[in-house]
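**Q** Okay, handing you the structure first.
The values are calculated or read from the model by the stated rules, or taken from the named source; none is laboratory data. In this text the structure is predicted, and so the values were computed from the model without any measurement. Here Cβ is always computed from backbone atoms with ideal geometry, including for glycine, and neighbour counts include all displayed protein chains. Side chains included, ligands, DNA and RNA excluded: accessible areas come from the protein's heavy atoms. Shrake-Rupley method; radii C 1.70, N 1.55, O 1.52, S 1.80 Å.
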Amino acid sequence: MIRRKKHSIIGEYAIQAILFLCGILSIIVTLGILLTLLFETASFFKEVSIIAFLTDLEWTPLFATKKFGILPLLLGTTLTSLIAMFVAMPLGLLSAIFLSEYTSDRVRRYIKPILEVLAGIPTVVYGYFALLFVTPLLQRLIPSISGFNALSPGIVMGIMIVPMISSLSEDAMYAVPNSLREAAYALGSSRLQVSLKVVIPAAFSGILSAFILGVSRAIGETMIVAIAAGQQPRLTLNPLVPIETMTAYIVQVSLGDTPTGTLEYRTIFAVGMMLIIFTFMLNIIGLRLRKRFLGLYR
Amino acid sequence: MIEIDLKRLLKKQVVGERIFLSLSFLALIVVLSSLIVLIIDVIADGHSRLSLQFLTGFPSRKPEEAGILVPLVGSIYMIILTGLFALPLGIGAAIYLEAYAPKNWFSSLVELNIANLAAVPSIIYGLLGLELFVRMMGLGRSLIAGALTMALLLQPVIIIVSREAIRSIPISIWEASFALGATRWQTIRHQILPLAMPGIMTGAILSFSRAIGETAPLITMGALTYIAFLPDGIFSPFTVLPIQIFNWVSRPQKGFMVNAAAGIIILLIILILLNSLAVWLRNKFQRRLNW
């Protein structure tokens, strides 16, 4: 009897240890990502100076005369993300207000799954849509736009991010206590006034965190821009010409047969490093804001 | 005098209200209709290529003869292998965090880290997989290396959904089991997991459907875009459906665009099937487990 008990206690500890390992795997993965990127980036910077990397105006690692200025790629990512947020923020926020303040639970139950479908569509499908539907459409409106451009993938990326922004902002508005709304109504406010002057300010940090997480998503989005934005790193804010984003560059190199261990191969890790620095910062700010906000009204 | 002003004010408010309402309604309509347009566009472009020959054909340089058998089989292998790795790891971590983890700075670090990992761009996992599995562990650009990469990508998502499923089980079940003298693991094994399983599986299937559509990490870790044979084991090179679609979209010939659209239709059908399975699971078990 006693022996059996001991056995089961050992078993308990063994299982706890295994589960603990599963739990800290995420920490190991994070460290793995950081170490991988650091290691390869460090060997990259042995051959290319950081100053050239950050200030050079050209990115041509795959050409005969190699230039390693990240700025064109950074600007490409900024441009497509800006366009995406320009589309996603108003659409997402307005949908969230509509769903949270103007509809019944029943309508919401029908609409939210459709929004989830939109979020679940593979990005390669959005890429196809951008290249073969939105770009031709834009070409009819703006004849000077080229076949590959920042505008079309930016818009499509915005549509893709809407469900995320709308559902995160709606959560935030939902968390605003009803007593605040009731108080405003009791003072004679209209629904519009309640939405704009009570609910949105009260849910502001939650909505802001939705926007920040949306930006992070846009920066990391790969396939849409790889398909529809082109592969020409260019220092421009013109949305009508082909550009290249950081993510699209990584895909471009991965598709070619660049041998491992070469400088060209290391560039994708250096670019990945930039990518993760930006998204990590945005994610942590966004998640912190969100956590603090959700705790605010509990 | 005062009355008139009030009327005007009210009217102004009502107009503002209407404009705002139609604006937000319009926003929702724009979003929902873009989904419909997308689906109609893809079906219109690709339906003519759908045939048995397309489903069972091997790649070809002529778009009319090319098929998607190799990437289709690759995707199925990939998802099964990924599940084998990601499910135990994800559920294990979720159990640890819900049932064992002490409330201290380390646990909250793990928690923040998981939320953060779930938001890391998927292409970064491709870089990790390339360095860790393909190069350091010498697995090459094989199915297993791809599946391990995808498992790391999915783990945070599976942890998050599993934790929600475990947390939805009332504390009374835990207490009843402990009161009968069960250990922590016995309680988890015999009471909590069976009850949480439908929720976990629903979430897991939804995350699999995300994995089926993932392209960037697999391209980055080096999955090939052109393979003329079926994978013959876990160390075989492979390609998956979204990569094949990407490959067709990037070609200049018009015929391949039709193939890409047809491939997208197949991909969307698979996703619809998976999602229906998840919804069915949720409904089936939700009714039985009503407390």
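**Q** List the number of the failed condition for A:Ile219; all other conditions in (1) farther than 30 Å from B:Ser108 by Cα; (2) at pLDDT 90 or above; (3) facing another protein chain (nearest Cβ under 9 Å) hold.
**A** (1)
**Q** Let me ask something else about it. For segment B:72-86, what are the residues that are within 15 Å of B:Met201 (Cβ to Cβ) and within 11 Å of chain A (Cβ to nearest Cβ)?
**A** Listed by number, the list holds a single entry, B:Ala86.
**Q** Sticking with this structure for a sec: On the basis of being in a helix (DSSP H, G or I) and under 30 Å from A:Phe98 (Cα atoms), does B:Phe54 make the cut?
**A** For B:Phe54, the condition - in a helix (DSSP H, G or I) and under 30 Å from A:Phe98 (Cα atoms) - is not met.
**Q** Using beta carbons and a limit of 7 Å, which pairs, at least six apart or on different chains, have the first residue in segment A:180-194 and in contact (Cβ under 8 Å) with a residue 24 or more places away in the chain and the second one open to solvent by less than 90 Å² (accessible area, probe 1.4 Å)?
**A** Sorted first by the residue in segment A:180-194, then by its partner, the pairs are A:Arg191/A:Glu101; A:Arg191/B:Glu17; A:Val194/A:Arg181; A:Val194/A:Ala184.
**Q** Mind listing just one residue for me: the one in segment B:103-122 that is polar (S, T, N, Q) and more than 9 Å from chain A (Cβ to nearest Cβ) and, of those, farthest from the chain's Cα centre (by Cα)?
**A** Of everything passing the filter in segment B:103-122, B:Asn104 is farthest from the chain's Cα centre (by Cα).
**Q** Here's another thing I want to ask about it. If B:Ile79 meets every condition in (1) open to solvent by 10 Å² or more (accessible area, probe 1.4 Å); (2) free of Cβ contacts under 8 Å to residues at least 40 places away in the same chain apart from one, which number is that one?
**A** Against the list (1) open to solvent by 10 Å² or more (accessible area, probe 1.4 Å); (2) free of Cβ contacts under 8 Å to residues at least 40 places away in the same chain, B:Ile79 comes up short only on (2).
**Q** Next up: Restricted to segment A:106-133, and to residues that are more than 17 Å from the chain's Cα centre (by Cα) and in contact (Cβ under 8 Å) with a residue 60 or more places away in the chain, which residue is nearest to B:Val249 (Cα to Cα)?
**A** For segment A:106-133, the residue satisfying everything is A:Tyr128.
**Q** Taking only pairs six or more apart or across chains, which ones have beta-carbon atoms under 8 Å, a first residue in segment B:185-200 that is in contact (Cβ under 8 Å) with a residue 24 or more places away in the chain, and a second residue that is of a type in the set (D, E, K, R)?
**A** Filtered contacts from segment B:185-200: B:Pro198/B:Arg282; B:Pro198/B:Lys284; B:Gly199/B:Glu164; B:Gly199/B:Arg282.
**Q** Looking at (1) assigned to a helix (DSSP H, G or I); (2) out of contact with any Phe, Trp or Tyr (no Cβ under 9 Å at 6 or more places or on another chain); (3) without any contact (Cβ under 8 Å) to a residue 12 or more places away in the chain, which one does B:Ser172 not meet, given that it meets all the others?
**A** (2)
**Q** Looking at segment B:45-61, is at least one residue facing chain A (nearest Cβ under 10 Å) and either at pLDDT 90 or above or surrounded by 20 or more Cβ atoms within 10 Å (Cβ to Cβ) (or both)?
**A** yes
**Q** Which numbered condition in (1) away from every other protein chain (no Cβ under 14 Å); (2) over 19 Å from B:Gly90 (Cα atoms) is the only one that B:Ala165 fails?
**A** (2)
**Q** Based on what the data block shows, is B:Phe285 assigned to a helix (DSSP H, G or I), surrounded by fewer than 20 Cβ atoms within 10 Å (Cβ to Cβ) and of a type in the set (Phe, Trp, Tyr)?
**A** yes
**Q** What's the number of the condition B:Tyr226 fails, among (1) under 24 Å from A:Leu255 (Cβ atoms); (2) surrounded by fewer than 24 Cβ atoms within 10 Å (Cβ to Cβ); (3) in contact with a Ser or Thr (Cβ under 7 Å, 6 or more places away or on another chain); (4) among the hydroxyl-bearing types (Ser, Thr, Tyr)?
**A** Checking B:Tyr226 against (1) under 24 Å from A:Leu255 (Cβ atoms); (2) surrounded by fewer than 24 Cβ atoms within 10 Å (Cβ to Cβ); (3) in contact with a Ser or Thr (Cβ under 7 Å, 6 or more places away or on another chain); (4) among the hydroxyl-bearing types (Ser, Thr, Tyr), the one that fails is (3).
**Q** Could you tell me whether segment A:17-33 includes any residue that is in contact (Cβ under 8 Å) with a residue 12 or more places away in the chain and either in a helix (DSSP H, G or I) or over 24 Å from the mean Cα position of the chain (by Cα) (or both)?
**A** Checking segment A:17-33: at least one residue is in contact (Cβ under 8 Å) with a residue 12 or more places away in the chain and either in a helix (DSSP H, G or I) or over 24 Å from the mean Cα position of the chain (by Cα) (or both).
**Q** Of the residues that make up segment A:126-134, is at least one within 12 Å of chain B (Cβ to nearest Cβ) and not in a helix (DSSP H, G or I)?
**A** Filtering segment A:126-134 for residues within 12 Å of chain B (Cβ to nearest Cβ) gives A:126-134.
Now narrow it down to the ones that are not in a helix (DSSP H, G or I): none.
Looking for residues that are within 12 Å of chain B (Cβ to nearest Cβ) and not in a helix (DSSP H, G or I), one finds none in segment A:126-134, hence no.
**Q** Separate question: Can you tell me which condition B:Ile160 does not meet? The list is (1) closer than 30 Å to B:Ile219 by Cβ; (2) open to solvent by 10 Å² or more (accessible area, probe 1.4 Å); (3) not in a helix (DSSP H, G or I), and all the others hold.
**A** Checking B:Ile160 against (1) closer than 30 Å to B:Ile219 by Cβ; (2) open to solvent by 10 Å² or more (accessible area, probe 1.4 Å); (3) not in a helix (DSSP H, G or I), the one that fails is (3).
**Q** Among the helices (runs of 4 or more DSSP H) contained in segment A:172-247, which hold 3 or more residues that are crowded, with 21+ Cβ neighbours inside 10 Å? Steps first, please.
**A** Details: elements: A:178-186, A:204-220, A:223-228.
Correct list: A:204-220, A:223-228.
**Q** Counting only residues that are of a type outside the set (Gly, Ala, Ser) and farther than 20 Å from A:Arg288 by Cα, how many does segment A:192-219 have?
**A** 7
**Q** Let me confirm something: among A:Val194, A:Val253, A:Val225, which residue is within 20 Å of the chain's Cα centre (by Cα) and within 12 Å of another protein chain (Cβ to nearest Cβ)?
**A** A:Val225
**Q** Filter segment A:77-118 for residues that are more than 9 Å from chain B (Cβ to nearest Cβ), within 30 Å of B:Arg282 (Cα to Cα) and of a type in the set (A, V, I, L, M, F, W, C) and give the result.
**A** Passing the criteria: only A:Val107.
**Q** Does A:Met281 qualify as being surrounded by 18 or more Cβ atoms within 10 Å (Cβ to Cβ) and either within 20 Å of the chain's Cα centre (by Cα) or away from chain B (no Cβ under 11 Å) (or both)?
**A** Details: surrounded by 18 or more Cβ atoms within 10 Å (Cβ to Cβ): no; either within 20 Å of the chain's Cα centre (by Cα) or away from chain B (no Cβ under 11 Å) (or both): yes.
It is false that A:Met281 is surrounded by 18 or more Cβ atoms within 10 Å (Cβ to Cβ) and either within 20 Å of the chain's Cα centre (by Cα) or away from chain B (no Cβ under 11 Å) (or both).
**Q** Which of (1) within 27 Å of A:Ile155 (Cα to Cα); (2) at pLDDT below 90 is the odd one out, the single condition A:Arg298 does not satisfy?
**A** The failed condition is (1).
**Q** Same structure, new question: Any residue at all in segment A:261-269 that is modelled with pLDDT of 90 or more and under 28 Å from A:Val125 (Cβ atoms)?
**A** Yes; the residues of segment A:261-269 include at least one that is modelled with pLDDT of 90 or more and under 28 Å from A:Val125 (Cβ atoms).
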